[in-house]
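Structure, as structure tokens:
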Amino acid sequence: MTEIITVRQTFVLFPLGKKRFAFSAEHVSEFARPDEPQTFPHTTPLLTGVVVRRNQIVPVADVAPLLVGSDAPVRKFYLVVNRKLNGKVSRTAIPVTGECELTEAEQLPVTGKLPAYVSGLLSLKNEIVEVLDIEKLMSGEVRA
Amino acid sequence: MRISQAQPRSKAATRAGETVILFSVGGVTFAIAANAVDEIRELTGLLEFRPGKLHHRLEKVKATLERHGRRYFAVDAAMHFRMPHAQPARLMVLRQGRVAVIVDGIDRMQEIHSIHALPERFVGEERNWYRGLTVIKGKVVPVVHPETFLNKAETTLLNAALRDVEAPRRMAVTA
């Protein structure tokens, strides 16, 4: 007899316009109403500026145009995502368009043709939510 | 207006802090180590520099300046930082190399107490442009690497182009 073990994890669901996406909750450190982002010249795609949070300078990555197109509504909040980058913990503020939700669910494998930055899927009541990999999202990897 | 520093300020960067000059380009404030700047002056005295075909990275060099018997290359800071708009009004002559930087304005000198590393998330040309970021009265200000306005190889290319531009002129004067 084969025993099927389902692993439920915690995710932060966030809206970008009409669609919701998810990050693994272990990578999210903060949800905040934004300060005005500050900008200076740079050539890194997706980054729109920086905000100062708890004495740290946190880059702001507006991923909405990539995920839902250019007509995403006004971003009202920031989700601060932590990841290890080059051996250091790197924080990135992701602007989102509304309230976030914490949920526990089983992550399902990616099926079909989805961009490489989708690391899994969540099957919720009335929707399928894409779980995002921030590193692949920032590097602009798109599965053919 | 001219502000000159007679002596190099090699001890400006101390454990207590560092003195920087705040300057603006296209509405953005930048900081540069005060001891990297030799003189701040108006734009008068700049000579237009049209060297013919050079690498596109050198299009930012718009003029030259004759100063104390030496020729300096004037870098348009807005083009260096890939900014679309600027209102050039001042020239910062750098202490190292024969480089001057055309900027919109000079704000003030300021003591800074810390420079934050540029977040790893920034992976573009800004990693060369900036030593890091500092926060002044809640405002994030990039601290520039003075030597990246024009490196030695670029200066060598420009010197060669300058000789090419000036050779016909010299021949015409001789004739």
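Here's the yes/no breakdown for (1) touching a residue at least 60 places away in the same chain (Cβ under 8 Å); (2) more than 14 Å from the chain's Cα centre (by Cα); (3) more than 12 Å from every other protein chain (Cβ to nearest Cβ); (4) within 23 Å of residue B:29 (Cα to Cα):
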{"residue": "B:53", "(1), (2), (3), (4)": "no, yes, yes, no"}
{"residue": "B:62", "(1), (2), (3), (4)": "no, no, yes, yes"}
{"residue": "B:72", "(1), (2), (3), (4)": "no, no, yes, no"}
{"residue": "B:84", "(1), (2), (3), (4)": "no, yes, no, yes"}
{"residue": "B:100", "(1), (2), (3), (4)": "no, no, yes, yes"}
{"residue": "B:108", "(1), (2), (3), (4)": "yes, yes, yes, yes"}
{"residue": "B:130", "(1), (2), (3), (4)": "no, no, no, yes"}
{"residue": "B:153", "(1), (2), (3), (4)": "no, yes, yes, no"}
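Taking residue B:132 as the residue in question, decide whether it is surrounded by 14 or more Cβ atoms within 10 Å (Cβ to Cβ) and at positive phi.
Yes: the conditions hold for residue B:132.
Would you point out which residue out of B:123, B:140, B:93 is within 14 Å of chain A (Cβ to nearest Cβ), buried (at least 16 other Cβ atoms within 10 Å of the Cβ) and either outside any loop (DSSP other than H, G, I, E, B) or under 15 Å from the mean Cα position of the chain (by Cα) (or both)?
Selected residue: B:140, the only one of B:123, B:140, B:93 that is within 14 Å of chain A (Cβ to nearest Cβ), buried (at least 16 other Cβ atoms within 10 Å of the Cβ) and either outside any loop (DSSP other than H, G, I, E, B) or under 15 Å from the mean Cα position of the chain (by Cα) (or both).
Could you figure out which of (1) at pLDDT 90 or above; (2) crowded, with 18+ Cβ neighbours inside 10 Å; (3) of a type outside the set (D, E, K, R) isn't true of residue A:25?
(2)
Could you tell me whether residue A:88 is over 16 Å from the mean Cα position of the chain (by Cα), modelled with pLDDT under 90 and away from chain B (no Cβ under 14 Å)?
So residue A:88 does not fit the description; no.
Which of (1) outside any strand (DSSP E or B); (2) crowded, with 21+ Cβ neighbours inside 10 Å; (3) within 11 Å of another protein chain (Cβ to nearest Cβ) does residue B:114 not meet, given it meets every other one?
Just one mismatch for residue B:114, condition (2).
Taking the range B:34-93 on its own, how many of its residues are in contact with a Ser or Thr (Cβ under 6 Å, 6 or more places away or on another chain) and small (Gly, Ala, Ser)?
Total meeting the criteria: 1.
Quick check on the range A:41-75: of everything there that is more than 16 Å from the chain's Cα centre (by Cα) and small (Gly, Ala, Ser), which residue is nearest to residue B:82 (Cα to Cα)?
A:49
Can you confirm whether residue A:119 is within 14 Å of chain B (Cβ to nearest Cβ), under 17 Å from the mean Cα position of the chain (by Cα) and either farther than 21 Å from residue B:130 by Cα or surrounded by 17 or more Cβ atoms within 10 Å (Cβ to Cβ) (or both)?
Answer is no for this residue.
Counting only residues that are in contact (Cβ under 8 Å) with a residue 40 or more places away in the chain and surrounded by 15 or more Cβ atoms within 10 Å (Cβ to Cβ), which one in the range A:125-134 is farthest from the other protein chains (Cβ to nearest Cβ)? Steps first, please.
Initial filter on the range A:125-134 (in contact (Cβ under 8 Å) with a residue 40 or more places away in the chain): A:127, A:129-132, A:134.
Now drop any that are not surrounded by 15 or more Cβ atoms within 10 Å (Cβ to Cβ), which leaves A:129-132, A:134.
Working: A:129: 25, A:130: 21, A:131: 20, A:132: 15, A:134: 10 Å.
Looking at the filtered set, the residue picked out is A:129.
The values are calculated or read from the model by the stated rules, or taken from the named source; none is laboratory data. For clarity, every value in this text was computed on a predicted model and none was experimentally measured. Neighbour counts run over all protein chains shown; Cβ positions are idealised from the backbone, glycine included.
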